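Chemist: Okay, here's the structure, questions in a sec.
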Amino acid sequence: MTRVSAGLFDDLKMDKTLLLNLELKRSERRRNLRYRTSVVLDPENVPVAKVPEKIIPKRVEKTVDEYAKELEQWLKKMKCTGVTGVRLEHFKDINVGVSSEPLDPSSPSMEPYPNIWREKHTYKGYRDENGRAKGRAVITMENGDTISGLFHEGLRHGECRTETSRLNLSHMVGNYVNDQLEGIGRVTFANGHQLEGFFRHGVLTGFVRKYDEKKRLTDFGLYENGKACFIWWKLIEDGGAVIGHVNDEGQLTGPEIVYLYPDFKTGFLGHFEDGVLVQAQAVQLEAVVEDYKLLIPLFSDPAGLYFRRDISDFVSMTKEPLLADPYETEWVEVRPSTVPFANEGLFARRSVESGHILAFYNGIRKELRRSWDKPDWVKSAYRIFDPTREKGSLDIPPDYVDFTNYSASLSHKTNHSFMASAEFDVFHHPRFGLVPALVSSTSIQAGEEIFVHYGYTLQHCPDWFTDAWAEDNYPVPESFKIPRQEG
């Protein structure tokens, strides 16, 4: 992935290293993109957008927080599917489309029926004076597949829908010109995953978005001649995003891939294999540029210790117990708690709104507890659910309770309150994998101690929990307190 030094711009000229990393000087054959959001019936008369030979960002003074907000809002737009009536093409600042580069004749096509009349079929619809398919018609193949839509002179011409099991598909919908899919098309695969992208002659070549079976956006970027190319964004469910140049197999694999945390400012830059962390260093967002109508975040030079994939098991919690998470370092800190006899607590470094991810809960994996085992509230004081196993749990070993011995994740430092300012969710962490994560449930001010409900019930809890409830003796987050009125 790309990175820049602090001196990003100098009299409208970009740093040479940045130019190299962004590949902005590579061959002009990838420069010419045709941006359009609708399909016309005569592709020869479509105007091609004029693209400058060199892309040099304008000097725009923005703070890192403003750049991060720009990325956040842009990603929200990228996720628009049209279900609510708003589609991606409704945004004037997002102008994606089909590539105008010459199409390689050997490019792989996604068309399951390149010549429908050579297939055994039945036809239902109108015909012209020469007996050719005309207007709206339905063609049913011998295997049960169907093609329905508009025809002209025996060719698909207009919107058509194909329902098929060929090429591992379920169905595809798009506009055809002279029997070939042109412009934007939508494909649903047999496993329920979906793809929306721009086609030429049935070949993906242009902007593409991919969705999972729940219609959640998972990846987006560019195709050329039927293959993924240039910069791609991979959105991690319950996590951040992985960004970088894809390899020949369309994978985010290589030495300069970035993982971006949900604050859109903190990340890892280093070696990833198919989007999974191998080895990387912490980086911070410095700027955002646009190329091929995709926003590309630029980061500081990577520095500090290396982070590696480090999934806990039943024996080992982590190989680097004192390697602090860069995201947590930005947002929270451990200090003496305001709760009497509670020792340490977790505090917000910055003010956050509700729904902000604060910290992570890594732990050693524990065997499933038998239903007849009597709970030991002292030994299980730090035990929490394991999102990777039904009824499984994570725990903090006694040696790692002390902050001086373990600081790789900090959620376990959060103290209990019946009036909690945070709650636990799940997060796909680049280092720890799928783990619980602490998320703010209300606004929290900088310097304020964070509290979470421990999840006990009054029928199944340690004595201190029932005592605190009975005596109305528990901490109240500062944000919940009503300022005292003078006079």
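Chemist: Do any residues in the stretch 220-243 that are under 27 Å from F424 (Cβ atoms) have Cβ atoms under 6 Å from those of residues that are not in a strand (DSSP E or B), where the two are at least six apart or on different chains, and which pairs are they?
Modeler: K234/L252; K234/G275; G240/Y261; G240/P262; V242/L252; V242/G275
Chemist: So, of the residues in the stretch 423-449 that are under 27 Å from the mean Cα position of the chain (by Cα) and closer than 15 Å to R349 by Cα, which turns out to be surrounded by the most Cβ atoms within 10 Å (Cβ to Cβ)?
Modeler: First, the residues of the stretch 423-449 that are under 27 Å from the mean Cα position of the chain (by Cα): 423-444.
With the extra rule that they be closer than 15 Å to R349 by Cα, the set shrinks to 438-440, 443-444.
On the way: L438: 29, V439: 20, S440: 21, S443: 14, I444: 27.
The qualifying residue surrounded by the most Cβ atoms within 10 Å (Cβ to Cβ) is L438.
Chemist: Next question, about the same structure. Filter the strands (runs of 3 or more DSSP E) completely within the stretch 353-460 down to those with at least 2 residues that are closer than 27 Å to P477 by Cα. Even if it seems obvious, please write down each step before you answer.
Modeler: Values: elements: 357-360, 364-366, 393-395, 422-429, 433-440.
It comes to 357-360, 393-395, 422-429, 433-440.
Chemist: In the list E153, E237, E163, which residue meets the criterion of being within 30 Å of T388 (Cα to Cα), among the acidic types (D, E) and surrounded by fewer than 21 Cβ atoms within 10 Å (Cβ to Cβ)?
Modeler: On the way: E153 fails: within 30 Å of T388 (Cα to Cα); E163 fails: within 30 Å of T388 (Cα to Cα).
Answer to the check: E237.
Chemist: Under 24 Å from L260 (Cβ atoms), touching a residue at least 12 places away in the same chain (Cβ under 8 Å) and among the aromatic types (F, W, Y) - does that describe any residue in the stretch 288-299? Quick ask: steps written out before the conclusion?
Modeler: Looking only at the stretch 288-299, we keep the residues that are under 24 Å from L260 (Cβ atoms), and these are 288-299.
Within this subset, residues satisfying the condition of being touching a residue at least 12 places away in the same chain (Cβ under 8 Å) are 288-299.
The next check asks that each one be among the aromatic types (F, W, Y); those that pass are 292, 299.
Among the residues of the stretch 288-299, at least one is under 24 Å from L260 (Cβ atoms), touching a residue at least 12 places away in the same chain (Cβ under 8 Å) and among the aromatic types (F, W, Y), which makes the answer yes.
Chemist: Limited to the stretch 170-199, what total is found for residues that are among the aliphatic types (A, V, I, L, M), buried (at least 18 other Cβ atoms within 10 Å of the Cβ) and in contact (Cβ under 8 Å) with a residue 24 or more places away in the chain?
Modeler: Number of matching residues: 5.
Chemist: Please count how many residues of the stretch 128-167 are over 18 Å from V177 (Cα atoms), part of a strand (DSSP E or B) and not β-branched (V, I, T).
Modeler: 2
Chemist: Any idea which residue in the stretch 213-252 is nearest to the chain's Cα centre (by Cα), counting only those that are acidic (D, E) and part of a loop (DSSP other than H, G, I, E, B)?
Modeler: Within the stretch 213-252, the subset acidic (D, E) is 213, 219, 224, 237-238, 248-249.
Imposing the further condition that a residue be part of a loop (DSSP other than H, G, I, E, B) reduces the set to 213, 237-238, 248-249.
On the way: E213: 15, E237: 6, D238: 8, D248: 21, E249: 20 Å.
Step by step, filter the stretch 213-252, then rank; the result is E237.
Chemist: In addition: Looking only at residues that are of a type in the set (S, T, Y) and assigned to a strand (DSSP E or B) in the stretch 253-266, which one is surrounded by the most Cβ atoms within 10 Å (Cβ to Cβ)?
Modeler: Keep residues of the stretch 253-266 that are of a type in the set (S, T, Y), which gives 253, 259, 261, 266.
Pick out the ones that are also assigned to a strand (DSSP E or B) and you get 259, 266.
On the way: Y259: 29, T266: 23.
The residue in question is Y259.
Chemist: Could you count how many residues in the stretch 311-354 are crowded, with 19+ Cβ neighbours inside 10 Å and either among the charged types (D, E, K, R) or without any contact (Cβ under 8 Å) to a residue 24 or more places away in the chain (or both)?
Modeler: 2
Chemist: Name the residues in the stretch 224-235 that are over 16 Å from S100 (Cα atoms) and at pLDDT below 95, would you?
Modeler: Of all residues in the stretch 224-235, those over 16 Å from S100 (Cα atoms) come to 231-235.
Matches in the stretch 224-235: I231 only.
Chemist: Which ones in the stretch 200-212 are part of a strand (DSSP E or B) and touching a residue at least 60 places away in the same chain (Cβ under 8 Å)? Even if it seems obvious, please write down each step before you answer.
Modeler: Pass one, the stretch 200-212, residues part of a strand (DSSP E or B): 200, 203-211.
Across the stretch 200-212, the qualifying residues are R200, V203, L204, T205, G206, F207, R209, Y211.
Chemist: Go through the stretch 110-127 and give me each residue that's surrounded by 14 or more Cβ atoms within 10 Å (Cβ to Cβ) and in a helix (DSSP H, G or I).
Modeler: Passing the criteria: only I116.
Chemist: What are the residue pairs meeting all of these: first residue in the stretch 57-84, first residue outside any helix (DSSP H, G or I), second residue at pLDDT 90 or above, Cβ atoms under 6 Å, and 6 or more apart or on different chains?
Modeler: Final answer for the pair search is P57/V289; K79/L217.
Chemist: On to the next question. Any idea which residue in the stretch 267-305 is farthest from the chain's Cα centre (by Cα), counting only those that are in a strand (DSSP E or B), among the aromatic types (F, W, Y) and within 22 Å of Y67 (Cα to Cα)? Don't jump to the end; show me each part of the working.
Modeler: Of the residues in the stretch 267-305, the ones in a strand (DSSP E or B) are 267-273, 276-291, 294-299, 303-305.
If we keep only those that are among the aromatic types (F, W, Y) as well, we get 268, 272, 299.
Next, only the ones that are within 22 Å of Y67 (Cα to Cα) stay: 268, 299.
Numbers: F268: 15, F299: 18 Å.
If we take residues in the stretch 267-305 being in a strand (DSSP E or B), among the aromatic types (F, W, Y) and within 22 Å of Y67 (Cα to Cα), then F299 is farthest from the chain's Cα centre (by Cα).
The values are calculated or read from the model by the stated rules, or taken from the named source; none is laboratory data. Computed from a predicted structure; not experimentally measured. FYI the Cβ positions are ideal-geometry reconstructions off the backbone, even for glycines, and counts take in every protein chain you see.
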